[in-house]
Every structure is written in structure tokens, then in C-alpha cells.
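The values are calculated or read from the model by the stated rules, or taken from the named source; none is laboratory data. These numbers were taken from a predicted model, which means no experiment stands behind them. FYI the Cβ positions are ideal-geometry reconstructions off the backbone, even for glycines, and counts take in every protein chain you see. These area figures cover heavy atoms from the full protein model, side chains too; ligands, DNA and RNA do not enter into them. Shrake-Rupley method; radii C 1.70, N 1.55, O 1.52, S 1.80 Å.
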Amino acid sequence: MKKIILSIMAALLSSGMCMAQNVQLPAPAKTGGKGVVETLWNRQSHNEYSDRMLSQQDLSNLLFAAIGVNRENGKLTSPTANNMQEIRLFVFTAKGVSEYLNKENSLKPVTKGDHRAKIAAHQDWVKTAPVVLLIVADEAKFGSNNERSKTMMAVDAGIVCENINLFCAGTGLVTRPRASMRRY
């Protein structure tokens, strides 16, 4: 599966590298949402959702919760093994695919068009969700490719996924993680 994800990303990258400039997102909010305990009680997965696209503010807050820079020293909202920060986050919408650049809090367009079906893996609800996030662990950035490193990258991706789940539960958005909790 790792090869499939990398192939999808390579195909997307090669199909639209000469795209528009990065999209600057609004600054992430510093307040809002439910408390931690209430959020934990409300956390669940959903198959049904609104077809309404997230506002730029909601998208900024969501991506910040996932892997945003929350300290002046460049550290993130999601811890990573040895602070490798190897997790990359891609945003799929009906209009295109972008990579979240956490240091700038911006979206870098990768390709135009609706590519959600390419990562749906026979799960029709993925094809129509307003926003689909693809979490990718960049082995080259992690620095090594042994079993321990692969395990740590999988743990780091799981932490990012849970940040997304908790943010959504705490702000009234719905989410459903799928097939990404294992190593490929």
C-alpha cells in the first residue's frame, strides 16, 4: 500500500506542478470548541456528513490541530519521534489537492480537479466528503528505514489522526479515520 500512496502522490505531483501560488490561511483560532473531557465523550466516527465545504477558518483550525506549529521553536501540535516532523498532510477537495505547509500555515496547490476517488479504496463516502486528509510519513525526512523507524512513523501518523479526531469532536465537525493505522 505504501507504494500505491506514493504512486498516487507522484501521479498527482506530475500532473500539476505548475499551479497557482500558495493559499495563505487565516491564523488558527486560539479559543473555541468544547473542553477536553466533553470532547472525549463526544468522539466518534461518522459515515454521514454535510456536503458543505469548510470555511477557510475552519480548515486552518483543523490543519493547525493536526500538525500546526504552536511554539516559536518550531515544534508542533502533534509530537513526533525525536522531533523528526516527518508527517506531511495533503488536503483533497472537489477543486483539487494541496499540501499543508505548517510553518507558513498555507496550502500549496499540488493539482487541480477532484482526486478524492483515487484514495477512496472502495469507500464511496470518501469520494464525496468535502475534505479528505491524507497523512503521509516521509521516510526520507525521518532519516532511517528500519523496523523501529517504521513503527515510530506509524505512531506519529496515529497521533496526527487523533488530533484531527479530537479537534472535530470538540468543534462539531465529523470525521472518520480509515485504513491508515498500519504500516505499509
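What to note about this one:
- Database remark: amide H of L76 closer than 5 angstrom to the amide H of N70 (H placed geometrically; neighbours at sequence offset of 5 or more, or on other chains; Pro and chain starts carry no H).
- Accessible surface of segment 57-132 [probe 1.4 Å, protein heavy atoms]: carbon and sulfur percent: 50 percent
- Mean silhouette area of segment 43-123, derived from the convex hull of its C-alpha atoms and averaged over all directions, reads 6.9 nm².
- The lysine pair tally for segment 84-184, using Cα distances under 26 Å and a gap of 8 or more places or different chains, is 16.
- Calculated [θ] (222 nm, deg cm²/dmol) that DSSP helices of n ≥ 4 give over the chain, each run adding -39,500 (n - 2.57): -11000 deg cm²/dmol
- Span-like helix ranges in the chain, DSSP H, alpha carbon extent 27 angstrom or more, Kyte mean at least -0.5: 147-171
- Listed residues N165, N61, N42, most fluctuating in the chain (Gaussian network, C-alpha, under 10 Å): N42
- Over segment 30-134, accessible surface divided per residue gives 56 Å², non-protein components excluded, 1.4 Å probe.
- Options L62, N145, L173, ranked by Cα towards positive dipole end of the chain, top entry (Cβ charges): N145
- Dividing the radius of gyration of the alpha carbons in segment 21-161 by their Kirkwood radius gives 0.96 for Rg/Rh.
- Ignoring aspartates and glutamates fewer than eight residues from K34 along the same chain, the ones with Cα atoms less than 18 angstrom from its Cα are D58, E162.
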